[in-house]
Amino acid sequence: MKRFDITALGELLIDFINNGVSEQGNNTFEASPGGAVCNVLAMLARSGKSCAFIGKVGDDIFGRRLKSELQALSINTENLRLDKDVRTTLAFVENDETGDRSFSFYRNSGADIMLTADEVDEEVIKASRVFHLGTLSMTHEPVRSATKKALDVAKSAGCIISFDPNLREMLWDSMEDARAAFDYGMRFCDILKISDNELVWFTGEQDYEKGIEKLREKYNIPLILFSMGRDGSRAFYGGERFEAAAFLREDTVDTTGAGDTFMGCCINHILDNGFKDFDVCIRRANAAASIITSRKGALRSMPTQSEIEEIVNN
């Protein structure tokens, strides 16, 4: 038995989400705790799994609040560093009428990229069944080295490695650096979650099936989870393909965290059931993702298992 079901390393930040217009005609933004890897942990914590986070925030009003938010979700923060010399990373999110997003990041020397390899506690990773990461912890040094150290530890410890690239083009100095980070994570991972636009960009294939086949041939990833937004999702495992339609809804207000919710739900399925029944897995994950789109923010808005069941059954 291991102490944690899952440990994740990466970004923890504040998403300022457009929340309408004030009486004076000014845009208003709601400060929501977020960060892709922490959203995944929030979904798993909501499902009763033991979770730990490795990362860094500023020792400021936002960083202290974020630590409290994780603790309120029962996510272990022993390896969350608060740094007095840097500020917590901020992201401003605007949604169009369909709920799709555009981002503006305030991250030049933001706290999440200042985590060093020496600050990564190997024992937290060794005590975990799953280690999860994205690519935003590989955009800059020193967090890139911290991520690579953590991956080495996770691989040696026999963790299941889960990888969601979560491409954000504006955060990279060059797209070749982004491509190298995608490649690096795929060489380690047992579970890959990739979206339609990321697959086309990385493989150069407009045909999704050809793009997936390229990944499988080059990296031999056991499980590939493929998200297509309104067109649903697919899972590729053991030579089989599974597909599930999206649960479309009229009350979508914000798609922030939908992919992270999907990913967290899939990891939860694997922790409970192993690598099987992926038709059930992605159908439930699609339902969970649909619920989160009807709520502002992500980290504090994750659905319960009973809410997911209600959507699936109806």
- Compute the relative contact order of the chain as a whole-number percentage, counting only Cα pairs closer than 8 Å that sit 6 or more residues apart in sequence. 17
- Reachable lysines, given that their alpha-carbon falls under 18 Å from the alpha-carbon of LYS2 and they are not under 8 places away in the same chain: LYS49, LYS126, LYS155
- Connecting every pair of Cα atoms under 10 Å apart in the chain and solving the GNM, the largest mean-square fluctuation among PRO303, PRO142, PRO165 falls on PRO142
- Query: Taking the Cα centre of the chain as the origin, how large is its charge dipole in debye, to the nearest 20, when only Lys and Arg (+1) and Asp and Glu (-1) carry charge on their Cβ atoms?
  - Reply: 820
- Query: By the gyration tensor of its Cα atoms, with a ≥ b ≥ c the square roots of the eigenvalues, what is the shape of the chain: rounded for a/c under 1.5, prolate for a/b over b/c, or oblate?
  - Reply: rounded
- Enumerate the aspartates and glutamates that LYS84 could reach by cross-link, defined here as Cα to Cα under 12 Å, with residues fewer than 8 away along the same chain left out. ASP59, ASP60
- Query: Just THR135, THR203, THR255 to compare: in a GNM of the chain, with alpha carbon springs under 10 Å, which one fluctuates most?
  - Reply: THR203
- Message: Using the Cα centre of the chain as origin and beta-carbon charges of +1 (Lys, Arg) and -1 (Asp, Glu), tell me which of LEU171, THR135, ALA157 is placed farthest towards the positive end of the dipole.
- Response: ALA157
- Query: Mean residue ellipticity at 222 nm from the helices of the chain, using -39,500 (n - 2.57) per DSSP H segment of n ≥ 4 over the full residue count, to the nearest 500 deg cm²/dmol?
  - Reply: -11500 deg cm²/dmol
- With +1 on each Lys and Arg Cβ and -1 on each Asp and Glu Cβ, and nothing else charged, work out how big the dipole of the range 15-81 is about its Cα centre, in Debye to the nearest 20. 340
- Query: Modelled label-to-label distance, GLU176 and ALA157, 7 Å Cα→beta-carbon offset: nm?
  - Reply: 3.5
- Descending packing, highest mean Cβ count within 10 Å first, for 182-195, 23-36 is 182-195, 23-36
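Quick note: the coordinates plus some simple rules give every number you see, no bench work behind them. Note that the structure is a prediction, hence the values are computed from the model and not measured. Cβ sites come from the backbone with ideal geometry, for glycine too, and all protein chains shown count toward neighbours.
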